[in-house]
Amino acid sequence: MVVSRFVPGRKRVGPGIESLTVTFGDRGALIRARGLVKRYGDFEAVRGIDLDVPSGEAFGFLGPNGAGKSSAMRMIACVSPTSSGELTVLGLDPLADGSAIRARIGVCPQEDQLDVELTVRENLTVYGRYFGLSRAECRSRADELLDFVQLTDKANAKVESLSGGMKRRLTIARSLINQPDLLLLDEPTTGLDPQARHLLWDKLFRLRQQGVTLVLTTHYMDEAEQLCDRLVVMNDGRIVAEGSPTALIAQYSTREVTELRFGVGHHEQLGGKVADLAERIEVLPDRLLLYTDDGERATSEVAARGLRPDSVLVRRSTLEDVFLRLTGRSLVD
Amino acid sequence: MTTLATRVLPGLPAGFGGGKLIMRNYLVYRRNWIVFATGFLEPVFYLFSIGIGVAALVDEFVMPNGQVVEYTAFVAPALLAASAMNGAIFDSTFNIFFRLKYIKLYDAMLATPLRPWDIASGEIGWALIRGGIYSGAFLAVMTAMGLTGSWWAVLALPATLLIGYAFAGVGMALTTFMRSWQDFEFVQLTILPMFLFSATFYPLHAYPAALQWIVEITPLYRAVVLCRELVTGALTWGSVVSVAYLVAMGSAGLYLASRRLSRLLLT
Ligand SMILES: Nc1ncnc2c1ncn2[C@@H]1O[C@H](COP(=O)(O)OP(=O)(O)O)[C@@H](O)[C@H]1O
Ligand SMILES: [Mg+2]
């Protein structure tokens, strides 16, 4: 019956929380949005999106900067009033029950908002108190979470002394202090080095296995592919595609991609000579991409036409190809 | 059957939400006790300087009800009121601006069940606690120096809390309008003349009649009247006016601060 439970080593919190989980379990979607809009003045950042995120899913918002991902996340986190449309989170209305919803979700905002006047451990214990947890509860959860994000030896350090990756881990630990039913992560790994990203992915993967519903935004394709069961691609405030990573690749790209590199400056004119060899081609300053189901065949036909690229790479399509097709290259920075 | 309970109960913080913030601030200040200590010492130094130096040059004072007091006894309650004001302003302007704009403390807090109201009331509650400790200590020093003339002086402590409430409420509300540290110069520009001219160091009748009413409607004057009348025991209706004035001022500030936090942070 109980759908999810998260923090490692801890079981249920109390009767109220268990029954709350049951209520959503019965209803299905933890997040449901219809025609959701966010306006800032007369600028529309989110232009009518529909969402259904069932319990236990890892759901992603993929999109370039300015697509409206954070605006959508903030509405779901009940810290930003909706401008129009319907939104329910955990079966409740953010406007009427914002406080009750926030009690059951964890938020890792785009910018770390750690309390720099407190130590690492106090960041967890004090935050737990904001949720109305008892002192003893805060202490024991803080120790477990520090262990979970491998910051135990930094427990008494000042926040400023932490590296970017450590701060991010601490923010994630903090977002778990209330053992949330739903965890919202806004660009959890942006700006981190590869090691730090992999460590974080590992933590998020474990949370997912424990049944925590994850909603995350990212503009890293590999992150979306690694972590998400299902995702939406957002562009300009709208959802332009939706599905599992594999389904999106199947729908919006070909099985394989042949990348041809000629000398710089030649790609424009050569594009026309190979256009018929693929379902679709993409001309970039430094290479030509041939989208085809059989990359090897395209390669040999290129050779048959007497073209001699400096290098050839045949690879499988990735989410990146989908993303670039749907959101356009110029927008990505 | 669980639905009703879960609609009402889940995770709402028990009791006073602002208390969580007070506790947080306490943790921070526990490490910064030196900051705490200077807040207390400043008015005490003023008092010593006046008690030892200035008082020797000045005659005794006749209170509005005819009671005669020494100069130090005349100035001390005003310093008490002014230090309550200064403490509240400091806590509710610089500190709150820092937490609001730089460390984004309130953004993080609003992601929890806490609401803008909890933050406004918590910060003001904290300013009162801190101010109350200073004022209590200052009153003790005054008593030790024989400067409290009446049992009414006991009520001067709650009076300083009320002063703190009034100035912290308005200070916090104003802080939500500030754009940069430069804007705080305006605060200093208001506080300093009030400190010097609110019948702090000399009685109101030193001013020409046409100016007196201007002084009388400033908040620090109201605060000084209240403290001076309670400490010397020379009570008049002026104190009642002061209480009403300060309650209204603090409540308006608190309400506005909470509204502004919603507008600024829940965008
Ligand atoms: N508080 C705000 N006021 C005005 N415009 C905003 C605000 N927040 C975001 N925007 C604008 O809304 C658009 C979407 O922003 P955001 O939701 O942060 O996108 P993303 O997270 O996908 O990068 C951007 O053009 C951004 O400038
Ligand atoms: Mg964003």
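FYI, it's all coordinate maths here, none of it is from the lab. Note that the structure is predicted; figures quoted are calculated from it, not measured. With ideal geometry, Cβ positions are generated from the backbone for all residues, glycine too; neighbour counts draw on all protein chains shown.
With the charge dipole of chain B set up from +1 on Lys and Arg Cβ and -1 on Asp and Glu Cβ about the Cα centre, the Cα lying farthest toward the positive end among the listed residues B:Asn25, B:Ala252, B:Leu174 is that of B:Asn25. Backbone phi angles across region B:153-170, fed through the Karplus curve with coefficients 6.51, -1.76 and 1.60 (θ = phi - 60°), yield HN-Hα couplings of 4, 4, 6, 5, 5, x, 5, 5, 5, 5, 4, x, 4, 4, 6, 5, x, 5 Hz in residue order; Gly and Pro are listed as x.
Geometric descriptor of the protein assembly as shown, per residue, is 199 Å³ (volume of the convex hull of the Cα atoms). Relative to the first principal axis of the alpha-carbon coordinates of chain B, what is the inclination of helix B:116-144, with its axis defined by its Cα atoms, in degrees from 0 to 90 and to the nearest 10? The angle comes out near 30 degrees. Here the simple spin-label model places points 7 Å from the Cα toward Cβ, and for A:Ala303 and B:Asp183 these points are separated by 6.9 nm.
Counting every other Cβ atom within 10 Å of each residue's Cβ, A:Met166, B:Met172 order from fewest to most as A:Met166, B:Met172. If the chain linking B:Leu192 and B:Ala248 were pulled fully straight, counting 0.36 nm for each residue of separation and taking away their Cα-Cα distance, it would gain 17.9 nm.
The Kirkwood hydrodynamic radius of region A:25-249, based on inverse pair distances between different Cα atoms, is 17.8 Å.
Distances between placed amide hydrogens fall under 5 Å for A:Leu182 paired with A:Gly106, all partners being 5 or more residues away or on another chain.
Principal-axis analysis of the Cα atoms of chain B puts helix B:184-197 at an angle of about 30° to the longest axis. Taking every DSSP helix (H) stretch of at least 4 residues in chain B, weighting each as -39,500 (n - 2.57) and dividing the sum by the residue count yields a mean residue ellipticity at 222 nm of -22000 deg cm²/dmol.
Measuring between alpha carbons in the structure, the pairs from A:Lys38/A:Lys167; A:Lys69/B:Lys101; A:Lys69/A:Lys167 lying more than 27 angstrom apart are A:Lys38/A:Lys167.
Taking amide H positions as modeled 1.01 Å from N, with prolines and chain starts lacking one, the residues under 5 Å from B:Phe61 and 5 or more places away or on another chain are B:Val69, B:Glu70, B:Tyr71. Projecting label points 7 angstrom from Cα along Cα→Cβ for B:Asn65 and B:Val35 puts them 4.1 nm apart.
On average, how many beta carbons from a partner chain sit within 10 Å of the beta carbon of a residue in B:20-28?
4
Ordering B:Leu226, B:Ala108, B:Met145 by the projection of their Cα atoms onto the charge dipole of chain B, which places +1 on the Cβ of Lys and Arg and -1 on the Cβ of Asp and Glu, puts B:Ala108 at the extreme positive end.
Note the per residue figure in Å³ for the convex hull of the C-alpha positions in region A:254-317. Taking only Cα atoms, region A:254-317 has a hull volume of 67 Å³ per residue.
Here the contact order of chain A, divided by its residue count and restricted to Cα pairs under 8 Å and six or more residues apart, works out to 20 percent.
Taking other Cβ atoms within 10 Å as a rough exposure proxy, B:Val44, B:Val54, A:Val232 sort from fewest to most as B:Val54, B:Val44, A:Val232.
The aspartates and glutamates whose alpha-carbon is closer than 12 Å to the alpha-carbon of A:Lys273, local same-chain residues fewer than 8 away aside, are A:Glu301. Computed from point charges on the beta carbon alone (+1 for Lys and Arg, -1 for Asp and Glu), the dipole magnitude for region A:254-317 about its Cα centre is near 100 Debye. Each label point was placed 7 Å from the Cα along the Cα-to-Cβ direction; for B:Leu211 and A:His198 their separation is 7.6 nm. Distance from the alpha carbon centroid of region B:206-231 to that of region A:38-81 works out to 55 angstrom. The relative contact order of region A:21-99, computed from alpha carbon pairs under 8 Å that lie at least 6 residues apart in sequence, is 37 percent. Excluding same-chain neighbours fewer than eight residues apart, the aspartates and glutamates reachable from A:Lys158 by a Cα-Cα span under 16 Å are A:Asp112, A:Asp115, A:Glu117, A:Glu122. For A:Leu216, the residues 5 or more places off, or on other chains, whose built amide H falls under 5 Å of its own are A:Phe59, A:Gly60, A:Phe61, A:Leu185.
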